[in-house]
Structure formats: structure tokens, C-alpha cells
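S.K.: One structure, as C-alpha cells, below. Some questions next.
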Amino acid sequence: MLIRVAIERDAEKVAKLIQDVENSSRYMLFGPGERPYNPNTIKKMIQALSEEDNSNLFLAEAGEKLAGYLIARGGSAPRNKHTAYLVIGILENWRGNGIGTKLFERLLSWASDTGIHRLELTVVTENLTGLGLYKKMGFEIEGSKKDSLLIDGKYVNEFYMSRIL
């Protein structure tokens with residue numbers, strides 16, 4: 001499994017990866033079919049992330065196929081440039097194989113080299129697998145967002161989590 005930084009020519013594969021993850025996960029912000037497949041939007045996102053010192057998109061690659069991603073979006077104001085908000089997604093048939101850990105290990109190395117001081121994310125409180133991964137990687141719960149998302153007609157809560165480097 002190779003963990004690497006996304007480049008513009010990955011846009012089509014990344015767009016497909018994000019769509020496949022959203023179609024198979026109950027806990028992503030967008031549900032199945034809610035976000036259109038759009039490689040041009042992803043290409044622009046990769047360009048924008050690569051132009052920012054405190055942002056990046058990491059990919060988990062198995063041969064020619066992408067198995068997962070981790071987006072780090074850095075703060076844009078002088079007072080929060082030391083932070084990065086994270087979004088991770090792993091294809092259903094690759095979950096539980098250590099890809100999330102490998103993505104986070106690469107992220108932590110990059111964040112340390114970049115001078116990022118705070119990593120943050122939110123996770124649906126029912127997502128025990130994700131919660132376990134984040135705790136394993138040193139994230140702590142800071143608080144909760146009540147009725148944060150509406151999933152399958154039911155309001156669900158999210159935890160705010162962070163890791164200080």
C-alpha cells in the first residue's frame with residue numbers, strides 16, 4: 001500500500017473514489033448519489049490544496065487502484081493557519097486493513113514538517129470504527145454537536161475531536 005500526495009492527473013480517480021466511499025458509508029456528509037461525479041471540481045480542489053502550505057490530499061494506492069483518501073484543509077486566517085480540518089474516506093472492501101492508520105501516519109509526518117499544531121475533525125457518535133481509529137491516532141473528544149446531521153430521517157450527534165501536535 002502506497003500513501004502519497006494527490007496530483008492533478010489523479011482527479012478522475014479521486015472523484016470516483018469519493019463517490020464510491022460516499023455510496024458505501026453511512027457516516028459521510030454526503031449520502032449515496034447526493035454529490036455528482038465531477039472530476040473538474042476535484043482537479044480544482046487538488047490545485048487549491050497544493051497551493052496552500054497547510055493543506056494536502058493524501059491517497060492510499062494499491063497498484064493502480066485508489067483505496068482511500070485523507071484531506072487536510074488548513075485554516076485560512078492568520079489566527080487559525082496552525083490548524084487543519086480533516087476528512088477521511090476508505091472504500092468499503094478496504095476498511096479494517098490498516099489503511100486509515102497509514103493515512104494518518106503520513107498526515108502526522110507531513111503536519112509536523114509543515115508546522116501544523118492542531119488537527120481537528122468531526123465524527124458521528126455512532127461511528128464506532130471511525131471513533132476507534134481517531135482515538136488510536138491520538139485524537140481526543142472535545143465536545144459534541146447535537147442533532148448535527150440528518151441521516152435516514154434520524155438526527156444524529158457528532159463529536160468534535162482534535163489532536164495537538
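S.K.: Please report the net charge: other residues with Cβ closer than 9 Å to the Cβ of K43, K and R +1, D and E -1.
M.R.: Around K43, the surrounding residues sum to -1.
S.K.: With every protein chain present, what is the per residue accessible area of the stretch 2-164 (1.4 Å probe, Å²)?
M.R.: 55
S.K.: Kirkwood hydrodynamic radius, computed over distinct alpha-carbon pairs, for the stretch 85-154: how many Å, to one decimal?
M.R.: Value: 13.7 Å, from the Cα pair sum.
S.K.: Can you give the longest run of the chain that contains no GluC sites (Glu not before Pro) sitting in a DSSP loop with at most 16 other Cβ atoms inside 10 Å?
M.R.: Counting only loop sites that pass the neighbour cut-off, the longest clear stretch is 65-125.
S.K.: Moving to a separate point now. Share of the stretch 66-165's accessible area from carbon and sulfur, percent, 1.4 Å?
M.R.: 49
S.K.: Among the listed pairs K44/K102; K43/K145; K16/K44; K13/K43; K81/K135, give every one whose C-alpha distance is greater than 20 Å.
M.R.: K44/K102; K43/K145; K81/K135
S.K.: When DSSP beta bridges are limited to those with both residues in the chain, what percentage is antiparallel, rounded to the nearest 5?
M.R.: Approximately 90 percent, going by the DSSP bridge assignments.
S.K.: Continuing with the same structure: Using a 1.4 Å probe over the heavy atoms of the protein chains, calculate the carbon and sulfur portion of the accessible area of the stretch 1-47 as a whole percent.
M.R.: The C+S portion of the solvent-accessible surface of the stretch 1-47 is 52 percent.
S.K.: Mind jotting down the distance between the C-alpha centroids of the stretch 1-41 and the stretch 101-165, whole Å?
M.R.: 19
The values are calculated or read from the model by the stated rules, or taken from the named source; none is laboratory data. Predicted model, so just to flag it, every value in this text is computed and none were measured. Note that each Cβ is placed from the backbone with ideal geometry, even for glycine, and that neighbours are counted across all protein chains shown. Ligands, DNA and RNA are stripped out before the accessible areas are found, and what is left, the full protein with its side chains, is counted by its heavy atoms. Shrake-Rupley method; radii C 1.70, N 1.55, O 1.52, S 1.80 Å.
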